[in-house]
Amino acid sequence: MAADCGMFVDWSQMGDVSHDAAPGKTEYKDLKELKQHARSGQWAKNHSQRSAVYQQLLKALPCRTVTPDAAVYRDIVGNSNSKCNPSAYPLPDFVDGTAVPCYCLKAESVGSVHAVISCIAGQFPDISHCPSLPAVTALLLHWSADEAQCFESVSRMLACNEPGRRLLDQTFLAYQSACMTFGDLVHKYCPAAHKLMVATATDVLEVYSDWQRWVLGDLPFSFAARVMDIYLVEGYKVLYRVALAILKFYRKQRSATAGSALTKQDSAAVRSDIQAFVQNIGKSVTPEKLLEKAFSIRLFSRKEIMLLQLANEKSLQQKGITVKQKSYFHKNMNTAVFNIDNNQKCFLSSKSVCGAFLSTDWEERKRGGNKLSFFGTGECFVFRMKPEMERYEWVVIKHPELANASQATDDEQTGANNNNGGLQSLEKPATDPSHLSPFLSARHFNLNSRNTSMFMAGNIDSIIIGGGEGNALYIDSELNHGRTEHCLTFDNPPLCAESFQIALLEVWGFKDAMAS
């Protein structure tokens, strides 16, 4: 193994990594010890040991019954260990133009990466969008005995079918919702970095769409290899952690060099600046410091990630966005133009611009006659544009335990709203939603309206968004005056001056561009 697993590597670039030492411990029965060794860099100096550990980890992945292995590759491609020009094996469209990072590979080994990915494309016809594949394949080739073994390793990552675990996004829906989830996590856990992005980039989502490339592609090899150690043990959430740590270090450097002189730039310039920082991160940060920062963030649980991912996937699906659309992908996050269904609305009040994204047609308000009652789903959110863009989602997204409050009595579910004439709550749920995620339960069940599900309401007297001790937005029947308060549904501060006169009210109903 010691001689074979480094045949693709340019050892002059590998520093003090040993390629001929006998491997140390390679099999682990204690998961805690395995995780500790992965995080501490136990395998970083012994190339053969790391290769053997990786093979054990990949072979242990639960995969689909029919998963292509090394023998399949040899049957298709042979044992050539390609030294051909990479153009002989053009990369498939699903990598979205992403080039193969060389890392510490020999120049001719890039052709081997192309050959492996070309065979992957033939064996996995369902893959439609996977920009991280070139980086993952290039990294695994460093610790592979031949192209066939690398092919089998990548195939097992793609075919992993363990519930609740994924290693690589393979569709645009999964990839784009992950970008949106990363943006949500930055906003919550790295507010200073998010404020920097808002202050400097014309399109924040466009910047955040690069987050996977920072980790898998732009990081130098010594950093990427340490990330791969933990990624194969702990899964996808590691990528989020490392990307957040990168953004924290970037903000620190950017703030130190720019001071208060922060100006708006084209998003492409900000993306290039972050990429240059990541590619040269070794000048200011060690791999140990990066990982220490990543795991020091008092972060989200896997459950929270799944909820955010589910919410974002649902949002994209309902808009008909499941394949890449340039006009959507580059939509400016700093405008109030939302690509939403023709049954969904966005309200804006002028000067101090604030509003809401609403998931349900206002026709629903007529079901209760003139009685003011709440309806809608957990996809609703409120926002403001000044002093900077802020979005306030359904409180249960951040606090899933509130969904368990759904088994309330009729008395508990009847509440009055300040100054709004005694708003009536939703009816008692007929079924226990506790087995569903809070996001799904919002669509199929009526939760405790006192603190979780006062999304939208309206009658001939007023329009109300958000409830529970106050309204996120209240607009009178003449559409001239309004007010905004903290409300329990979205846990938001007042979105502008608490009482305001409406200079302009806009209602947007967009028809899905994908609809026939």
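With the requirement that a residue be modelled with pLDDT of 75 or more, more than 15 Å from residue 467 (Cβ to Cβ) and assigned to a loop (DSSP other than H, G, I, E, B), what does region 388-419 give you? Within region 388-419, 388, 389 qualify.
Scanning region 211-242 for residues that are out of contact with any Ser or Thr (no Cβ under 7 Å at 6 or more places or on another chain), within 25 Å of residue 301 (Cβ to Cβ) and of a type outside the set (A, V, I, L, M, F, W, C) yields 226, 229, 231, 234, 235, 236, 237, 240, 241. Test residue 91 against the criterion of being modelled with pLDDT of 95 or more, aliphatic (A, V, I, L, M) and in contact with a helix residue (DSSP H, G or I) (Cβ under 7 Å, 6 or more places away or on another chain), and give yes or no. So residue 91 does not fit the description; no. Figure legend. Inter-residue proximity from region 376-394: first residues among the small types (Gly, Ala, Ser), second residues assigned to a strand (DSSP E or B), beta-carbon distance below 7 Å, spacing 6+ or different chains. Indicated pairs: 376/358; 376/456. Of everything in region 159-197 that is at pLDDT 90 or above and in contact with a strand residue (DSSP E or B) (Cβ under 9 Å, 6 or more places away or on another chain), the residue that is surrounded by the most Cβ atoms within 10 Å (Cβ to Cβ) is 167. With respect to residue 140, determine if the residue is open to solvent by less than 10 Å² (accessible area, probe 1.4 Å), farther than 16 Å from residue 96 by Cβ and either in contact with a Gly (Cβ under 6 Å, 6 or more places away or on another chain) or not assigned by the TED database to the domain that holds residue 268 (or both). So residue 140 fits the description; yes.
Run down 100, 116, 53 and say which single residue is outside any helix (DSSP H, G or I) and either at pLDDT 95 or above or under 22 Å from residue 232 (Cβ atoms) (or both).
Details: 116 fails: outside any helix (DSSP H, G or I); 53 fails: outside any helix (DSSP H, G or I).
Going through 100, 116, 53 in turn, just one is outside any helix (DSSP H, G or I) and either at pLDDT 95 or above or under 22 Å from residue 232 (Cβ atoms) (or both): 100.
Name the single residue that is modelled with the highest pLDDT among those in region 367-384 being in contact with a strand residue (DSSP E or B) (Cβ under 7 Å, 6 or more places away or on another chain) and assigned to a loop (DSSP other than H, G, I, E, B). Can you show your working first?
Filtering region 367-384 down to residues in contact with a strand residue (DSSP E or B) (Cβ under 7 Å, 6 or more places away or on another chain) leaves 371-376, 380-384.
Now narrow it down to the ones that are assigned to a loop (DSSP other than H, G, I, E, B): 371-372, 374, 376, 380.
Details: 371: 70, 372: 74, 374: 81, 376: 83, 380: 87.
The extreme case among them is 380.
Tell me which residues, restricted to region 476-495, are more than 25 Å from residue 396 (Cβ to Cβ) and either outside the structural domain of residue 390 (by the TED database) or touching a residue at least 60 places away in the same chain (Cβ under 8 Å) (or both). Once the filter is applied, which keeps residues that are more than 25 Å from residue 396 (Cβ to Cβ) and either outside the structural domain of residue 390 (by the TED database) or touching a residue at least 60 places away in the same chain (Cβ under 8 Å) (or both), region 476-495 yields only 482.
Please enumerate the residues belonging to region 143-156 that are over 13 Å from residue 117 (Cβ atoms) and either of a type in the set (A, V, I, L, M, F, W, C) or part of a loop (DSSP other than H, G, I, E, B) (or both). Don't jump to the end; show me each part of the working.
So in region 143-156, the residues over 13 Å from residue 117 (Cβ atoms) come out as 143-146, 148-149, 152, 156.
Scanning region 143-156 gives 143, 144, 145, 146, 148.
So residue 74 ticks every box in (1) loosely packed, with under 15 Cβ neighbours inside 10 Å; (2) charged (D, E, K, R); (3) over 23 Å from residue 132 (Cα atoms) but one. Which box is left unticked? Residue 74 satisfies all of (1) loosely packed, with under 15 Cβ neighbours inside 10 Å; (2) charged (D, E, K, R); (3) over 23 Å from residue 132 (Cα atoms) except (1). Scanning region 280-303 for residues that are open to solvent by less than 20 Å² (accessible area, probe 1.4 Å) and within 20 Å of residue 235 (Cβ to Cβ) yields 290, 291, 294, 297, 300. Residues of region 1-25 that are assigned to a loop (DSSP other than H, G, I, E, B) and either at pLDDT 85 or above or of a type in the set (D, E, K, R) (or both): 7, 8, 10, 14, 15, 16, 17, 20, 25.
The values are calculated or read from the model by the stated rules, or taken from the named source; none is laboratory data. Quick caveat, the model's predicted, so the values are computed rather than measured. So basically every Cβ, Gly included, is an ideal-geometry build from the backbone, and we count neighbours across all protein chains shown. Accessible surface is based on the protein model in full, side chains and every heavy atom, while ligands, DNA and RNA are left aside. Shrake-Rupley method; radii C 1.70, N 1.55, O 1.52, S 1.80 Å.
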